[in-house]
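Student: Structure in structure tokens, see below.
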Amino acid sequence: MTLEQDIAACFDLGGRIQSVRPYGHGLINDTFVVITDTGRRVILQRINRHVFANPECIMENLRVLMDHVNRHLSTGQTAARELKLPGMFLSHAGKDFIIDAQSGFWRALGYIENTRTLEKITDMRQAEEVGFALGRFHALVHDLDPTRLHQTLPGFHDAPNYLARFTLTSNRKTPDSAELKYCFAFVEARRNLAPILETAKRERNLVIRPIHGDTKLDNFLFDITTGQAVSLIDLDTVQPGLIHFDIGDCLRSCANLAGESPADIGAVRFDLDICRAILRHYLAETRSFLTQLDYEYLYDAIRLIPFELGLRFLTDHLEGNHYFKTDRPGQNLHRAMVQFRLTASIEGHAKEIKTIVADSVPVT
Ligand code: GN1
Ligand code: MG
């Protein structure tokens, strides 16, 4: 028996375990899909303790989130089309997690049937669905008091802090390749960009709300039959934050058709049609509670989040790849280059993106 089979057997999954296989492409946690003899599929995950110091907080947040969303559903406050969120299974001891002998933290989540993820957006309807789903998610949680949620990853989107850490690390290192020279110069030229959202937060131009925290395309589930986006998964980083983090992260993932690890970095660019489709549908779902100031910072967020992720990959490369999983040397440097190319493409389209934002804001 493998460790993950042993662990799967500790949860009450309503049947005997038939198989446990690795699943998905996450860069942080270890994910498996379990199949039971009743044909049920369950997602089994070992949370990366190096990243999440207090995984218990993730589970508490999940419970708060589920209670809140279920209350919304039972009072019919939202329209007929609902997002499904994965449920949690309890262990035979009645807990929603298990700690193994090596302190590994495991949980089992419902698999949402008849759905798939997309490797990339191939038609505009998919982009519209992403915009809808993110907007609906924010609409569902916008009236949840953010102080009821733990910070599962303190400073997760604190770009000035990532910049400070990069500065410390890079001061000890001479850029000895063309790639590193490009990256160091790219960051130097954008020191002013890093604090833009943190400053807006401090000055109360932007308010703290519950956010998802990890809105890349892989975390949207699409119904296989209808093509509708029916779920947003990977709820580990649901915590208090700025909705701008989620919008920037979603667009940097969805509107870059080359993906996060393309063979040809030259293929990386920001797709304006996808940006338009996502924003329009997102803003239609969130119009009742977003403010003028929220709209004013959208372009900055779209530009900042790929820059921030590039910084995170670059620093991890310099520090020896402790954070993001890699399967070859130099992979995090390559990932950083991709995000910087994307940032540059966004900057090159600044005018068009600002026009898209202005045209997508619903008229009141
Ligand atoms: C990580 O583990 P995964 O793949 O869901 C990271 C995100 C990055 C993403 C880039 C907790 O997400 O912030 O945007 O990689 N998650 C964490 O692929 O750091
Ligand atoms: Mg994640």
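Student: Looking at (1) within 16 Å of ligand 2 (Cβ to nearest atom); (2) in a helix (DSSP H, G or I); (3) in contact (Cβ under 8 Å) with a residue 60 or more places away in the chain, can you tell me which one Pro86 breaks?
Tutor: With (1) within 16 Å of ligand 2 (Cβ to nearest atom); (2) in a helix (DSSP H, G or I); (3) in contact (Cβ under 8 Å) with a residue 60 or more places away in the chain applied to Pro86, the lone miss is (2).
Student: Residue by residue through region 31-51, note down the ones that are out of contact with any helix residue (DSSP H, G or I) (no Cβ under 8 Å at 6 or more places or on another chain) and surrounded by fewer than 19 Cβ atoms within 10 Å (Cβ to Cβ).
Tutor: Hits for region 31-51 are Thr31, Val33, Ile35, Thr36, Asp37, Thr38, Gly39, Arg40, Arg41, Asn48, His50, Val51.
Student: For Thr326, indicate whether it is within 16 Å of ligand 1 (Cβ to nearest atom) and not hydrophobic (A, V, I, L, M, F, W, C).
Tutor: yes
Student: Is it fair to say Phe186 is more than 16 Å from ligand 2 (Cβ to nearest atom), surrounded by 19 or more Cβ atoms within 10 Å (Cβ to Cβ) and either farther than 30 Å from Ile233 by Cβ or not aromatic (Phe, Trp, Tyr) (or both)?
Tutor: Yes.
Student: Another question, if that's okay. Listed residues Ala127, Ala133; which is more than 18 Å from Asn61 (Cα to Cα), touching a strand residue (DSSP E or B) at 6+ places or on another chain (Cβ under 9 Å) and part of a helix (DSSP H, G or I)?
Tutor: Ala133
Student: Would you point out which residue out of Lys351, Lys325 is touching a Leu at 6+ places or on another chain (Cβ under 8 Å) and surrounded by fewer than 17 Cβ atoms within 10 Å (Cβ to Cβ)?
Tutor: Exactly one residue qualifies, and that residue is Lys325.
Student: So for region 55-74 (the condition being touching a strand residue (DSSP E or B) at 6+ places or on another chain (Cβ under 6 Å) and on the phi < 0 side of the Ramachandran plot), does at least one residue qualify?
Tutor: Yes: region 55-74 contains one or more residues that are touching a strand residue (DSSP E or B) at 6+ places or on another chain (Cβ under 6 Å) and on the phi < 0 side of the Ramachandran plot.
Student: Something else: Output the number of residues of region 151-184 satisfying the condition of being under 28 Å from Leu242 (Cα atoms) and either not in a helix (DSSP H, G or I) or not basic (Lys, Arg) (or both).
Tutor: Number of matching residues: 20.
Student: Another question, then. Taking the residues in region 15-45 that are away from ligand 2 (no atom under 13 Å from the Cβ) and outside any strand (DSSP E or B) as candidates, determine which candidate is nearest to Arg335 (Cα to Cα).
Tutor: Tyr23
Student: In addition: Is it fair to say Phe307 is at pLDDT 95 or above, within 21 Å of the chain's Cα centre (by Cα) and in a helix (DSSP H, G or I)?
Tutor: Yes, satisfied.
Student: Looking at region 22-33, I want the residues that are of a type in the set (A, V, I, L, M, F, W, C) and have a partner that is part of a loop (DSSP other than H, G, I, E, B) and near ligand 2 (Cβ under 10 Å from one of its atoms) with Cβ atoms under 8 Å, at least 6 apart or on another chain. Which pairs are those?
Tutor: Here the result reads Ile28/Asn48; Ile28/Val51, each pair linking region 22-33 to a residue that is part of a loop (DSSP other than H, G, I, E, B) and near ligand 2 (Cβ under 10 Å from one of its atoms).
Student: Continuing with this model, one more query. I'd like the full set of residues that are closer than 17 Å to Arg107 by Cβ and of a type in the set (Asp, Glu), limited to region 232-250.
Tutor: Those that are closer than 17 Å to Arg107 by Cβ and of a type in the set (Asp, Glu): Asp234, Asp236.
Student: State yes or no: is Ile99 away from ligand 2 (no atom under 16 Å from the Cβ), buried (at least 17 other Cβ atoms within 10 Å of the Cβ) and at pLDDT 95 or above?
Tutor: Judged against the criteria, Ile99 is not a match.
Student: Select from region 207-261 the residues that are among the acidic types (Asp, Glu), more than 11 Å from ligand 2 (Cβ to nearest atom) and either closer than 26 Å to His150 by Cβ or within 15 Å of the chain's Cα centre (by Cα) (or both) and list them in ascending order.
Tutor: Kept after step one, since they are among the acidic types (Asp, Glu), are these residues of region 207-261: 214, 218, 223, 234, 236, 246, 249, 260.
Now narrow it down to the ones that are more than 11 Å from ligand 2 (Cβ to nearest atom): 223, 246, 260.
Once the filter is applied, which keeps residues that are among the acidic types (Asp, Glu), more than 11 Å from ligand 2 (Cβ to nearest atom) and either closer than 26 Å to His150 by Cβ or within 15 Å of the chain's Cα centre (by Cα) (or both), region 207-261 yields Asp246, Glu260.
Student: Scanning region 65-81 for residues that are surrounded by fewer than 15 Cβ atoms within 10 Å (Cβ to Cβ) and assigned to a loop (DSSP other than H, G, I, E, B), which turns out modelled with the highest pLDDT?
Tutor: Once the filter is applied, the top-ranked residue is Arg81.
Student: Those residues that are within 16 Å of ligand 2 (Cβ to nearest atom), farther than 13 Å from Ser261 by Cα and part of a helix (DSSP H, G or I), I need them from region 315-336; list them, please.
Tutor: Asp316, the sole residue that qualifies.
Student: Assuming Leu62 fulfils every condition listed in (1) surrounded by fewer than 19 Cβ atoms within 10 Å (Cβ to Cβ); (2) within 17 Å of His212 (Cβ to Cβ) apart from one, which condition is it?
Tutor: Here Leu62 meets the rest and fails (1).
Student: Further question: Have a look at Leu163, Leu197, Leu168, Leu193 and point out the one that is surrounded by fewer than 15 Cβ atoms within 10 Å (Cβ to Cβ) and more than 16 Å from ligand 2 (Cβ to nearest atom).
Tutor: Exactly one of Leu163, Leu197, Leu168, Leu193 is surrounded by fewer than 15 Cβ atoms within 10 Å (Cβ to Cβ) and more than 16 Å from ligand 2 (Cβ to nearest atom), namely Leu168.
The values are calculated or read from the model by the stated rules, or taken from the named source; none is laboratory data. Keep in mind it's a predicted model, so treat the numbers as computed, not measured. Don't worry about glycine lacking a Cβ; one is built from the backbone with ideal geometry, like all the others, and counts go over all protein chains shown.
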